[in-house]
Amino acid sequence: MSAGQTVLAGWMEIAPSAVRDETRQDVEEQNVAALVDQYASTLYRVAFSVLRNTADAEDAVQEAFLRVLRHRDTLDEVRDQRVWLIRIVWNIVLDRKRRAKTRPETDDIADLSRVLPANGLSAEQRTAAAQHHAHVLACVDQLPAKEREVLVLSAFEELSSVEIAGVLGITESSVRSRLFRARNLMANLLNHSRSLR
Amino acid sequence: MNTPTENTHHCADGGEADKTLRLIASLPGPEGLEDRVKIALHGTSRRGRVLRWPAGSRLGGGGWIHGTVARCAAAAAIVFVVAGGGWGVYSRVQPTPAPRAIAMPHVTAPGGFSNAGAMRTPQTLSGTVLSHPVTGATKQNNATVNKDSRASQKKGQQKKGKIDQSRKVAN
């Protein structure tokens, strides 16, 4: 074998470090895939509770996992992956909601009547329930942002007040006081709308 | 402050809102969501690999050291090219010194006025100016002054003649 061929062979040989990189990358991708299996549904529900549109919520979930993939090197440093993921998707959906125009209530009613469980209700009853829920959600939209965010997140039974505080980056006592204010405001809004009818 | 009845009512309404929000929060995700997300991630991951640092740099025995050396060399080459280009421009374009005085061209407007060879003379000091006009008394005074001066001149000449004679005698 000539000297040139030897050099070429040495150059073409794949280094062990390169193989190690590939292996590490595969492991990281498997970790991300495990996160998808575990938390995709939760993230979707969080996204849907703000966006109230199935396609937008799914897009938000995909975007959240793409961000996770970009920062997969730091996955080991994350203490609570569930709160971390919810925080990511929360920021995404808030950003999207800010950019999107306010949805008319009729869209909410149509979407809700499609996604709400039937539970043996007739079509009319389902429409009436959807109207009622859409009306409540319209009242929720009228709340100040801080109170609204806490109220929406408190609806997730799997999230404790400590975890909500972690998602929003505030203290637990702030979560409680905001939740109290949100409920009072919500009651006032619903009473007011009822008296107008 | 809220009365107890109002509070109960508020709680009921707040509960109504909570009920709706909980219902929405508990809605199941669409079927196949996980698979779709995984496919999207897989596609992005593969595309990312294509755009990564060329595989050639990771070949050979050096491993990451080889890659680091190559990056340093590339960075040094860029710095060298930029610095060399800058020096070339600087060495070619020398800043010209600013002239101390600006020589104005001699402009003679055609058909305009010329100085007709006139030269400017500098303004000199004027002579002594008499403060009082010359009268008869001043003329007489001047005459006596002249006589005295003439007499003194004669005396001086006589003195001078005597000195010359005494010198001649001495010689």
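What follows is calculated from the coordinates using simple rules that are stated; it is not laboratory data. Values in this document were obtained by computation on a predicted structure and should not be read as measured data. For neighbour counting, all protein chains shown are included, and Cβ atoms are generated from backbone atoms with ideal geometry for every residue, glycine included.
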### Summary
Checking rank on A:40-50, B:156-166, B:20-30, with mean other Cβ inside 10 Å and highest first, the result is A:40-50, B:20-30, B:156-166
### Task
Give the residue from A:Thr42, A:Trp90, A:Asn31 lying farthest towards the positive end of the charge dipole for the stretch A:22-99; charges sit on Cβ (+1 for Lys and Arg, -1 for Asp and Glu) and the dipole is referred to the Cα centre.
A:Trp90
### Task
Calculate one ³J(HN,Hα) per residue across the stretch A:90-97 by plugging θ = phi - 60° into the Karplus curve 6.51 cos²θ - 1.76 cosθ + 1.60, and present them in order as whole Hz with x for glycine and proline.
5, 5, 5, 5, 5, 5, 5, 5
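How well do other chains shield peptide A:71-84, expressed as the mean number of their Cβ atoms within 10 Å of each residue Cβ?
0
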### Amide proton proximity set for A:Ala155, modelled H, under 5 Å, gap of 5+
none
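Per residue of A:149-159, count partner chain C-beta atoms within 10 Å of its C-beta, then hand back the mean as an integer.
Values: counts 0, 0, 4, 3, 2, 4, 10, 4, 3, 1, 1.
Neighbouring Cβ atoms belonging to other protein chains average 3 per residue here.
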### Task
Mind ranking A:171-181, A:67-77 by how tightly packed they are, going by the mean number of other C-beta atoms within 10 angstrom, highest first?
A:171-181, A:67-77
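What is the average number of partner chain Cβ atoms found within 10 Å of a Cβ in A:180-186? Intermediate results must be reported in sequence, preceding the final value.
Numbers: counts 1, 0, 3, 7, 7, 3, 8.
Taking the mean over all residues of the peptide, I get 4.
So for each of A:24-30, A:128-134 I average, over its residues, the number of other beta carbons within 10 Å; can you give me the resulting order with the highest mean first?
Details: A:24-30: 13.1, A:128-134: 17.7.
Final packing ranking: A:128-134, A:24-30.
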